[in-house]
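Below is one structure, written out as structure tokens, with a few remarks after it.
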Amino acid sequence: MVLHKFGERLYSGLVATMSVHLKDIAQSIEAAQGGSFLEELNRKWNDHNKALQMIRDILMYMDRTYVPSARKTPVHELGLNLWRENVIYSSQIRTRLLNTLLELIHSERTGEVIDRGIMRNITKMLMDLGPSVYEHEFEKHFTNVSAEFYQVESQRFIECCDCGDYLKKAERRLNEEMDRVSHYLDPGTEKKINKVVEEQMIENHMLRLIHMENSGLVNMLCDDKYEDLGRMYTLFRRVTDGLLKIREVMTSHIRESGKQLVTDPERLKDPVEFVQRLLDEKDKYDKIINLPFNNDKSFQNALNSSFEYFINLNPRSPEFISLFVDDKLRKGLKGVNEDDVEVTLDKVMMLFRYLQEKDVFEKYYKQHLAKRLLSGKTVSDDAERSLIVKLKTECGYQFTSKLEGMFTDMKTSQDTMQGFYASHPDLGDGPTLTVQVLTTGSWPTQSSITCNLPAEISALCEKFRSYYLGTHTGRRLSWQTNMGFADLKATFGKGQKHELNVSTYQMCVLMLFNNADKLSYKEIEQATEIPAADLKRCLQSLALVKGRNVLRKEPMSKDVVEDDAFFVNDKFSSKLYKVKIGTVVAQKESEPEKQETRQRVEEDRKPQIEAAIVRIMKSRKQLDHNNLIAEVTKQLQSRFLANPTEVKKRIESLIERDFLERDDNDRKLYRYLA
């Protein structure tokens, strides 16, 4: 027929015949009752597809020649279009099909089992008829109905569930929808239905879930509910600003609990316990961020900023961290393997990074390190050096050069003592002397208060002075008797002998009793010339500490006063041959000492601020006041937080000394003078 120019008649006849046939099919589908409706539709669709294949094969010549030249729809596509118009768009079938599909999905959501195979076939039929058919006839209605379903369900859940249970239900619903898509919906629907569930079940209830009483985010953080936290993180990251809301509440909670920790007067009584609590808090939140929060960098940054905020609320944090290190390096790390020592030191360094006043920490650390080195109390030189290397890496050579100098002095002192005894072989029988020669600039400055040493010790000290000054030119020695210690052999009442480990001050006091049975406080003070505060602490430790009371005091009382008299305690006894007598001393600084340390820190900062100003102005030549303050603060923040008032004073000082000048027209503009 096509060859004889009857292509139009053949094509029109095909359209008419197929249309009549499909109308009959539509009627038979409409007549199907209940559950057989979809089965009938599926069966007729399969039959139509087979028939269409055969028709296309029979009319292949027309499809290849007439259809393109006459610009007609190809046979297969024509068959699909006619099925759509006559069957799917039939007034009786269109609404019924949509309602049946939606009802089956609703049944599945409420726990019933449905025939997923037939659902897959029907949705595939809609897709084969064209994506727009699937979208308009099913998908659009499906998402709208789903939104209504989840809106009602989420409201019901939120009224009766705690936060953890609600999140489990939301997660289950999301998984069910993804499973549904994978089994019988088009893959393109997944994104749309997920958005519906996320919006209705999570986004619309975000704040209520986070702040839910007794089960919200803060409770999860306090109770270490890793599973619930992980679920909240996973679900909230799917919605806009979800993680931001979690981060804000977490940050607020950490700051508030941290603030309570660092300002609680009870906790401030024990610096070591105070720092340990900080480390425990950090470990707790590190674990939460690493596990439930998937090591999210934004949460890590929030944690760091929170710790930096509250640690610096307590001006004594640098001192307390140094005391914690001191405790660990004196005794806390005894018997601990190297790896664990490194872990502890790394944790300390983590807290150190949060400090804004790193130079204050340096001051205290230097004092504590000096005491450890001089008393030989450090657990491990390797641990000490390891921490100094970490500080050097963090803050540069300048920060640790003096600390390294302290170790050098200790080594040099050993060599000096060997030389001294080698040049004085006659000293073998008397008291032995060990001297640590400290470089003034490297060690913490000490007010040089000398006391009257016993004659035999004083003579030995003079010999050492002569030897040292004879081997080194241009040096001066001043004795720091307040930093030394001694081992004394003592015999008590019934001949029991002990070796007493005491401070230099305690040695001076005890050796007075070689020539006297009874001494008053004033006599001891005159003979030794030890400062009153130190002498009282010294006598307290010798006479009032149970088990260490080698002296006794009359009258007995807790405090030492000027009218007291002291005797050797003949009844003293101890199971140990070697008895260590500590000095009664506060672990933390007294108020005047704190002010003195603070004053020294402020003085040390002045040249650093001036150096920063000169460096900046030298490179920039001219700069206005506000930008200069900002630049100086930025340059110095690795050591301390510069006070703008102090920076201003340093600028004025540099102007007076002709390093800088003010602009004649703009008083806030500075110029560098070469």
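The values are calculated or read from the model by the stated rules, or taken from the named source; none is laboratory data. What you see is a predicted model, and the numbers here were worked out from it, not measured in a lab. Heads up, the Cβs are rebuilt from the backbone with ideal geometry, glycines too, and the neighbour counts pull from every protein chain shown. The area values use the complete protein model at the heavy-atom level, side chains included, leaving out ligands, DNA and RNA. Shrake-Rupley method; radii C 1.70, N 1.55, O 1.52, S 1.80 Å.
Between region 358-381 and region 622-649, what's the alpha-carbon centroid distance in Å? So the two Cα centres are separated by 30 Å. Considering only protein heavy atoms and a 1.4 Å probe, what is the carbon-and-sulfur percentage of the accessible area of the chain? Of all accessible area on the chain, carbon and sulfur atoms account for 49 percent.
Beyond a 21 Å Cα-Cα separation, which of these cross-linked pairs lie in this structure: 363/536; 124/192; 377/463?
363/536; 377/463
Looking at the chain, the DSSP beta bridges with both ends there are about 85 percent antiparallel. Taking a quarter of the surface of the Cα convex hull of region 1-108 gives a mean projected area of 7.4 nm².
Report, in whole Å, the centroid distance computed from the Cα atoms of region 237-302 and region 508-533. Going from one Cα centre to the other spans 55 Å.
Ranked by the mean number of other Cβ atoms within 10 Å of their residues, highest first, the peptides 300-311, 555-566, 644-655 come out as 300-311, 644-655, 555-566.
Rg over Rh for region 256-347 works out to 1.00, using Cα positions for both radii and the Kirkwood form for Rh.
Pop out the Kirkwood hydrodynamic radius of region 318-417 from its pairwise C-alpha distances, inverse of mean 1/r, in Å to one decimal. About 13.8 Å, per the Kirkwood formula over Cα pairs. Helix 317-327 and the long axis of the chain differ in direction by around 70°, with both axes built from C-alpha atoms.
Leaving out ligands and nucleic acids, and using a 1.4 Å probe, what accessible area per residue does region 592-672 come to in Å²?
With all protein chains present, region 592-672 gives 61 Å² per residue.
Normalised by 2.2 N^0.38 Å, where N counts its residues, the alpha-carbon radius of gyration of region 409-471 equals 1.20.
Tell me the Kirkwood hydrodynamic radius of region 96-176 in angstroms, computed as one over the mean inverse distance between distinct C-alpha pairs.
Result for region 96-176 stands at 14.2 Å.
Calculated from the alpha-carbon coordinates, region 592-672 shows an Rg and a Dmax of 13.4, 47 Å respectively. Summarising the amide proton neighbourhood of residue 212: residues at separation of 5 or more, or on other chains, whose placed amide H is nearer than 5 Å comprise 217. Average projection, convex hull of the Cα set of region 485-580: 5.5 square nanometres.
Per residue, the convex hull around the alpha carbon atoms of region 2-211 comes to 123 Å³. Across the alpha-carbon set of the chain, the Rg to Rh ratio works out to 1.28, Rh being the Kirkwood radius. Efficiency by 1/(1 + (r/R0)^6): what FRET value for residue 179 and residue 224, r their Cβ-Cβ distance, R0 = 41 Å, to the nearest 0.05? After rounding to 0.05, the efficiency reads 0.85. Axis angle, to the nearest 10 degrees, between helix 625-636 and the longest C-alpha principal axis of the chain: 80 degrees. Rg over Rh for region 225-408 works out to 1.03, using Cα positions for both radii and the Kirkwood form for Rh.
Taking Cα atoms only, the orientation of helix 397-423 departs from the longest principal axis of the chain by about 30 degrees.
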